[in-house]
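Colleague: I'd like to ask you about the structure that follows.
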Amino acid sequence: MSTPEIDHTLSLLSSHRTVLGYVVLSRGHPHGIVRQSGVIFDGEHGRKYAIAIGKIMESVQSSLEDLSDDPNGGDEVRFLRIRTNRHEIMISPDDKYLLAILHDPAS
């Protein structure tokens, strides 16, 4: 999962002044950390974020499927943005990976 284009894009993301870090997770079970940047995603704290992000995505996707009238699954999550009092988490899923970016909107 490393190409010059991906490396460049992740480098640009992590260099933004409000970005606290990013984590790339595999879509398998459990969601494994493929790549990360930022102290906030180091060690056990990173694993907790990985688990939480995986659960959030599964829950949202499951809820969309429950709401759908389409027997073939219907809608898919394309981008998810969650803002809390302290941070904002942006999640971009694809078939194999989840990219989650944590940033401080106040800075």
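Taken together, the values in this text are just the output of simple stated rules run on the coordinates, not laboratory data. What you see is a predicted model; the values in this text were computed from it and never measured. Methodologically, a virtual Cβ is constructed for each residue, glycine included, from the backbone with ideal geometry; neighbour enumeration extends over all protein chains shown.
Colleague: Using a 10 Å Cβ count of at most 13 others and DSSP loop calls, identify the longest part of the chain lacking such trypsin sites (Lys or Arg not before Pro).
Modeller: 18-77
Colleague: Could you list the chymotrypsin sites (Phe, Trp or Tyr not before Pro) in the stretch 21-90 that lie in coil according to DSSP, counting only those with at most 16 other Cβ atoms within 10 Å of their Cβ?
Modeller: Filter output for the stretch 21-90: 79.
Colleague: While we're on this one: What is the dipole size for the chain, taken about its Cα centre, with +1 at each Lys and Arg Cβ and -1 at each Asp and Glu Cβ, in debye to the nearest 20?
Modeller: Its charge dipole is roughly 560 debye.
Colleague: Working from Cα positions, state the angle (0 to 90°, nearest 10) between the long axis of helix 4-15 and the longest principal axis of the chain.
Modeller: The angle comes out near 70 degrees.
Colleague: Need one number for the stretch 4-103: average projected area of the convex hull over its C-alpha atoms, nm².
Modeller: Averaging across all directions leaves 7.2 nm² for the Cα convex hull.
Colleague: Taking the chain as the reference, fit the longest principal axis to its C-alpha atoms, fit the long axis of helix 43-67 to the helix C-alpha atoms, and give the angle between the two in degrees, 0 to 90, nearest 10.
Modeller: Around 30 degrees separate the two axes.
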